[in-house]
Structures are given as C-alpha cells and as structure tokens.
Amino acid sequence: MKDTFSHVRHWVFDLDNTLYPPEMRLFDQIEKRMTSYVMNSLNVTADQAQDLRVSYWKKYGTTLAGLMANHDLDPVPFLKDVHDISFDVLSPDAELRAQIAALPGRKIIYTNGTRPYAERVIEARGLDGLFEAIYGVEHAGYAPKPERSAFEKVFALDGTDTTTAAMFEDDVRNLQVPHAMGMKTVLVADEPTDHDHIHHHTNDLAAFLSKLV
C-alpha cells in the first residue's frame with residue numbers, strides 16, 4: 001500500500017462524511033434546512049420539497065445545482081442558510097489529525113459545501129491548521145462535483161498536479177473525474193464498490209492513512 005502511494009504529493013480530501021464519520025449525522029441537519037429552504041423559496045409542500053432535494057442531488061450532483069438550473073436560485077443566501085447548523089455532534093479526532101499531518105506534500109480540502117462551513121467542521125474535528133487550502137463550491141463558480149469543469153477550476157486554482165495526487169471521497173460519483181485525470185482514488189464509505197474508477201476503499205480513514213506513511 002505504501003508503495004502504491006509513494007508518488008503522491010497532492011492529497012485532496014472531501015469534507016462531509018469523509019473527514020468525519022457519517023454516524024455523527026451532521027449532514028442530516030443540512031438536509032432538513034435544504035428541504036425547508038426549498039419549501040419557502042418555491043412555495044411547495046414538505047413532501048414536494050423533499051422530492052426535489054433528492055432528485056436534484058441525484059441528477060445534478062447537488063440540490064443547489066438543480067435549483068440554480070431550474071429555478072434561477074441565488075446560491076449565496078441558500079448556502080448561508082443551509083449551513084447555519086450546530087457542530088456539537090462533532091468531536092476531535094487526534095489519530096486522524098496525526099495521520100494527515102504525517103502525509104508528505106500538499107494537503108487540501110475540496111467540498112461541495114462552502115469554505116466557511118468547512119473551516120467550522122475541521123475546527124470541531126481538531127483538524128484545523130493541517131491543510132494548505134480549503135476550496136468550496138464557490139471556488140468552482142458554484143458548479144458542483146462531479147462536473148469535470150468544477151474539478152478543473154479548483155485544481156487549476158490550487159496548482160494540483162493530478163498525476164501525483166490522491167483523492168478521498170465518500171460519493172462514488174465524485175471520484176470518476178479524478179480517476180480520469182490520473183489521480184489515485186479512495187472511497188471512504190461503509191461498503192466497498194466494484195466501480196473501475198475506485199482504486200481503494202476504507203471505512204476508517206485514519207487507519208487507511210496509517211498504512212501510507
């Protein structure tokens with residue numbers, strides 16, 4: 001495993017359900033706020049809003065992208081509202097911090113959330129100060145992963161050399177473009193998958209990283 005990643009000098013981490021375990025249920029709060037925002041913005045019922053939230057996520061990669069494409073929704077107030085949540089469910093992870101710190105090279109976060117939100121998450125997880133940069137959906141012009149243009153904008157902005165990079169992500173769809181760009185791909189999820197664009201799988205990020213250094 002260590003030899004497989006020996007060329008990697010750019011480490012790209014997703015945020016939600018990657019740098020914290022899904023059991024902490026942080027994203028549940030965001031989903032509820034998104035449903036409420038859709039209800040109020042489009043004047044639809046709770047069930048209709050829920051259906052739209054899920055269907056847009058499946059089709060466009062994020063609910064926001066679907067709302068922008070179909071309803072010309074302003075992304076700024078939406079993102080501010082849905083990320084106004086409690087971070088009390090998160091706890092520091094000293095082991096994960098140590099393993100990320102030991103990785104050789106440049107470490108960044110790239111999330112479909114926003115940078116201010118990501119900063120609060122990593123602070124609550126005790127991971128602040130580890131990453132050279134944090135990129136949110138705003139840095140890709142609100143185009144979300146898994147769109148190739150989103151990756152291209154963020155990686156160009158960061159100067160990421162994708163031939164010496166690895167990406168850690170909980171959504172299978174969001175690893176297809178990184179794979180095509182020459183990156184090592186690691187799915188961080190409870191269950192493995194047999195997709196060709198997934199090189200590795202782990203349900204314990206800290207334990208996986210400990211094998212690389």
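The sole residue among Val213, Val154 that is surrounded by fewer than 15 Cβ atoms within 10 Å (Cβ to Cβ) and either under 19 Å from Glu95 (Cα atoms) or in contact with a helix residue (DSSP H, G or I) (Cβ under 7 Å, 6 or more places away or on another chain) (or both) is Val213.
Here Asp28 passes the criteria (1) surrounded by 14 or more Cβ atoms within 10 Å (Cβ to Cβ); (2) under 26 Å from Ile122 (Cα atoms) except the one numbered (1). Among the residues making up the range 189-200, those that are at pLDDT 95 or above and more than 18 Å from Asp16 (Cβ to Cβ) are His195, Asp196, His197, Ile198, His199, His200. Among residues of the range 1-13 being under 16 Å from Gln99 (Cα atoms) and modelled with pLDDT of 95 or more, the one that is surrounded by the fewest Cβ atoms within 10 Å (Cβ to Cβ) is Ser6.
Results for (1) in contact with a helix residue (DSSP H, G or I) (Cβ under 9 Å, 6 or more places away or on another chain); (2) touching a residue at least 60 places away in the same chain (Cβ under 8 Å), shown as yes or no for each residue.
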| residue | (1), (2) |
| --- | --- |
| Leu67 | yes, no |
| Asp72 | no, no |
| Leu96 | yes, yes |
| Arg106 | yes, yes |
| Asp128 | yes, no |
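Among the criteria (1) of a type in the set (S, T, N, Q); (2) within 24 Å of Val137 (Cα to Cα); (3) touching a Lys or Arg at 6+ places or on another chain (Cβ under 8 Å); (4) surrounded by fewer than 16 Cβ atoms within 10 Å (Cβ to Cβ), the one Ser86 does not fulfil is (3). Would a scan of the range 71-84 turn up a residue that is in a helix (DSSP H, G or I) and within 29 Å of Lys184 (Cα to Cα)? Scanning the range 71-84 turns up no residue that is in a helix (DSSP H, G or I) and within 29 Å of Lys184 (Cα to Cα).
Restricting the range 1-24 to residues that are closer than 23 Å to Gly182 by Cβ and not in a loop (DSSP other than H, G, I, E, B) leaves a set whose member that is nearest to the chain's Cα centre (by Cα) is Phe13.
Quick one: which residue in Thr185, Thr160 is touching a strand residue (DSSP E or B) at 6+ places or on another chain (Cβ under 8 Å) and either under 21 Å from Gly66 (Cβ atoms) or assigned to a loop (DSSP other than H, G, I, E, B) (or both)? Explain how you work it out, then say what you get.
Details: Thr185 fails: either under 21 Å from Gly66 (Cβ atoms) or assigned to a loop (DSSP other than H, G, I, E, B) (or both).
Of the residues listed, the single one that is touching a strand residue (DSSP E or B) at 6+ places or on another chain (Cβ under 8 Å) and either under 21 Å from Gly66 (Cβ atoms) or assigned to a loop (DSSP other than H, G, I, E, B) (or both) is Thr160.
The values are calculated or read from the model by the stated rules, or taken from the named source; none is laboratory data. Model, not experiment: these values are computed from the prediction. Methodologically, a virtual Cβ is constructed for each residue, glycine included, from the backbone with ideal geometry; neighbour enumeration extends over all protein chains shown.
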